[in-house]
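Step one of this worksheet: look at the structure below.
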Amino acid sequence: MNGCETDDKIYNRRLMRGLAKVFAMGFRGRQSLGDVPMLAGSISKGRIGESMRWRLGLLNGLPGEDLLRHVSEAQSRLDSIEASDWCLTHGDVLPGNMMVDAKTGRLTGLIDWAEAEWLPFGMALYGVEEVLGEHVPSEGFKYYDDHEELRLVFWSKFLCLTRREGIQLRQTEAARKLGILLWRGIAFDDGRIDRVVEAGRDDSEIQKLRLFLEAPSVLESSDKVRYQSTFWDFGHFSCWEGVEWMRMRKRRVHLRGNGDEDRDLESVVQNVVGKR
């Protein structure tokens, strides 16, 4: 592996860890819809939140039995998705809205919050897939060669920061697929979002829609992260207790002043996870 490839690998891994921190912050601020008065009424929901059922109905016009199967699955799970925890969600998680340090790959911020609203946690996870590849002329969207590894970097960091507390993986996966369907299955026509993508007119979007829907699920990624972490399972010393032990070890490293990234990690752990 040459120096350029090594730099790209480090860059992309840092970006995935930064994105995981953003989702972890959203998850830590999640609320049950029924428990929050300001969210309990549909009048307080945003444009997507109050029209998910209607938009799913539009998606019955998608081309292809494979896509319609995903729509039917999302419709059958919509009630449980809506009953899950909601969080403040950026409405356009795309690479163009991510502020990234060009030298290091560290995510420093997100711009364009005009479409932000409260939505079930997981609906913005389409954004993870968006940064795992790029558009290639004559081929469409193509994943990077190491996209599977990078996806696991994201989930490993996310699960470490949240310590899996309260996360419902099946509902999160259902919300992830719903988000992909709504953001990639409905065309964006000068701000209008009421037209289903059409074969021959939106082929690049349809190609990306299929690719994202068939990507490894939240459950698959979580299982792989846990499998890779089984070396922590020594008797009663569980995998996630091991992660906590490593977190405290990183804190001690941070106090000795070793490395900007450890310093950054500790500040995120304190601010996002909070003192317990």
- Message: Take the residues in the range 1-25 that are modelled with pLDDT under 95 and of a type in the set (D, E, K, R); name whichever of them is surrounded by the fewest Cβ atoms within 10 Å (Cβ to Cβ).
- Response: Glu5
- In the range 43-89, what residues are touching a residue at least 60 places away in the same chain (Cβ under 8 Å) and of a type in the set (Val, Ile, Thr)? Ile48, Val71, Ile81, Thr89
- If a residue has to be part of a helix (DSSP H, G or I) and modelled with pLDDT of 70 or more to count, how many in the range 26-45 make the cut? 4
- Okay, strands (runs of 3 or more DSSP E) sitting entirely in the range 132-210 with 2 or more residues that are β-branched (Val, Ile, Thr) and out of contact with any Lys or Arg (no Cβ under 7 Å at 6 or more places or on another chain), I get 192-196
- Checked the range 211-224 for anything in a helix (DSSP H, G or I) and within 16 Å of Met123 (Cα to Cα); matches are Phe212, Leu213, Val218, Leu219
- Message: Name the single residue that is surrounded by the fewest Cβ atoms within 10 Å (Cβ to Cβ) among those in the range 119-145 being under 23 Å from Ser156 (Cα atoms) and among the small types (Gly, Ala, Ser).
- Response: Gly133
- Residue check: is Gly179 at pLDDT below 50 and either among the small types (Gly, Ala, Ser) or within 30 Å of Leu62 (Cα to Cα) (or both)? no
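Results for (1) of a type in the set (Asp, Glu); (2) assigned to a helix (DSSP H, G or I), shown as yes or no for each residue.
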site	(1), (2)
Arg47	no, no
Glu50	yes, no
Leu56	no, yes
Leu59	no, yes
Leu68	no, yes
Ser72	no, yes
Thr104	no, no
Glu115	yes, no
- Message: Of everything in the range 90-114, what is touching a residue at least 24 places away in the same chain (Cβ under 8 Å), within 18 Å of Arg184 (Cβ to Cβ) and surrounded by fewer than 17 Cβ atoms within 10 Å (Cβ to Cβ)? Give them in sequence order.
- Response: Leu94, Pro95
- Query: For the range 157-171, how many residues meet the condition of being in contact with a Ser or Thr (Cβ under 9 Å, 6 or more places away or on another chain) and either in contact (Cβ under 8 Å) with a residue 60 or more places away in the chain or not assigned by TED's automatic domain parsing to the domain that holds Leu125 (or both)?
  - Reply: 5
- State whether one or more residues within the range 186-203 are of a type in the set (Lys, Arg), surrounded by 18 or more Cβ atoms within 10 Å (Cβ to Cβ) and out of contact with any Ser or Thr (no Cβ under 7 Å at 6 or more places or on another chain). no
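The values are calculated or read from the model by the stated rules, or taken from the named source; none is laboratory data. No experiment lies behind these values; they were computed from the predicted model shown. We place every Cβ from the backbone using ideal geometry, glycine too, and count neighbours over all the protein chains shown.
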